[in-house]
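The values are calculated or read from the model by the stated rules, or taken from the named source; none is laboratory data. As the structure is a prediction and not an experimental result, all values here were calculated from the model. FYI the Cβ positions are ideal-geometry reconstructions off the backbone, even for glycines, and counts take in every protein chain you see. Heavy atoms of the whole protein, side chains included, go into the accessibility calculation; ligands, DNA and RNA do not. Shrake-Rupley method; radii C 1.70, N 1.55, O 1.52, S 1.80 Å.
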Amino acid sequence: TVTEQTVGRMYSSIEVDQEGLDRLRKAAKDGTLVLLPSHKSHIDYIVLSQVLYRAHMQVPLIAAGDNLNFFPVGALLRKAGAFFIRRSFKGDLLYGAVVDAYVRRLIKDGWTLEFFLEGGRSRTGKLLPPKVGLLSMVVDAALGSTGQTVYFVPVSVGYERLVEEEAYVAEISGGEKKKEDVAGLLGSVEMLVSRYGRLSVQFGELLTLEGVLGELDPTAAKESLERLTPAGRRAVVTRLASRVMN
């Protein structure tokens, strides 16, 4: 594809954790995957979809911020599997309910889902604290899904150089974050012909809600997930987020 050729020109090599990818492929045969990558660049979701496509696996549906829903990028990303959501649902119960229903349908139907637990891109290279709003919805959907295992997959995408490095330096130096728009897209043409060294994709240990609950309470039975109190559910979500970031 054009995207694959472009990324291939930008990076001298893409190193993939084949052992981790094999674990993913095996898990996908009898369960649903929720991919939770680190987020340092807009290249993250392009590369991860490319890796799965090359491995003949289902390309994920990706929760993207509505800041990227502008012409013509929005239409292109939708065709690549993205769906756009607001950064915050605060004060809009109906919107939150619609997103929740959509996520439940995706999990029920077994779609591979991808979103960034950090919320936004890190400007320093360090991981950001997890934001658990969407994760909480996915956990609720997984708890309500019977007959299938939902695997939460930590993914690390590492770069020798970031395509956004100049913008990040400007922001860290006190500059204002620029909103994504067509002007910025046109200004990035030079970026597409530059070279950025190597890129690596690593897959962490596959996590399940049963496993996370077992870490919180070693005496808990599998059926305990069905009887979780609201406080217990929040504890599972918090623990899961922590394990992914670790």
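Residue by residue, here is whether (1) over 19 Å from the mean Cα position of the chain (by Cα); (2) crowded, with 19+ Cβ neighbours inside 10 Å; (3) β-branched (V, I, T); (4) within 24 Å of L134 (Cα to Cα) holds:
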| site | (1), (2), (3), (4) |
| --- | --- |
| V34 | no, yes, yes, yes |
| K40 | no, yes, no, yes |
| A55 | no, no, no, no |
| P60 | no, yes, no, yes |
Name the residues in the stretch 117-137 that are more than 21 Å from R234 (Cβ to Cβ) and of a type outside the set (S, T, Y), would you? G120, R121, R123, G125, K126, L127
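Conditions tested, residue by residue: (1) open to solvent by less than 40 Å² (accessible area, probe 1.4 Å); (2) more than 25 Å from V132 (Cα to Cα); (3) at pLDDT below 90; (4) part of a helix (DSSP H, G or I).
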position	(1), (2), (3), (4)
P154	yes, no, no, no
E166	no, yes, yes, yes
L185	no, yes, yes, yes
E215	no, no, no, yes
V236	yes, no, no, yes
Evaluate the following for L113: is it in contact (Cβ under 8 Å) with a residue 12 or more places away in the chain, among the aliphatic types (A, V, I, L, M), touching an Asp or Glu at 6+ places or on another chain (Cβ under 9 Å) and under 28 Å from N246 (Cα atoms)? no
Looking at L21, is it crowded, with 16+ Cβ neighbours inside 10 Å and at pLDDT 90 or above? yes
Flagged in the stretch 41-65 as of a type outside the set (S, T, Y), closer than 21 Å to V163 by Cα and part of a helix (DSSP H, G or I), in numbering order, are I43, D44, I46, V47, L48, Q50, V51
Quick check on the stretch 70-106: of everything there that is in a helix (DSSP H, G or I) and touching a Leu at 6+ places or on another chain (Cβ under 7 Å), which residue is surrounded by the fewest Cβ atoms within 10 Å (Cβ to Cβ)? G74
All but one of (1) closer than 30 Å to R227 by Cα; (2) open to solvent by 70 Å² or more (accessible area, probe 1.4 Å); (3) assigned to a loop (DSSP other than H, G, I, E, B); (4) modelled with pLDDT of 90 or more hold for G110, so report the exception by its number. (2)
Of the residues that make up the stretch 192-202, is at least one of a type outside the set (G, A, S), at pLDDT 95 or above and either closer than 23 Å to R25 by Cα or buried (at least 16 other Cβ atoms within 10 Å of the Cβ) (or both)? yes
Is it true that L240 is touching a Phe, Trp or Tyr at 6+ places or on another chain (Cβ under 9 Å) and either among the hydroxyl-bearing types (S, T, Y) or outside any helix (DSSP H, G or I) (or both)? no
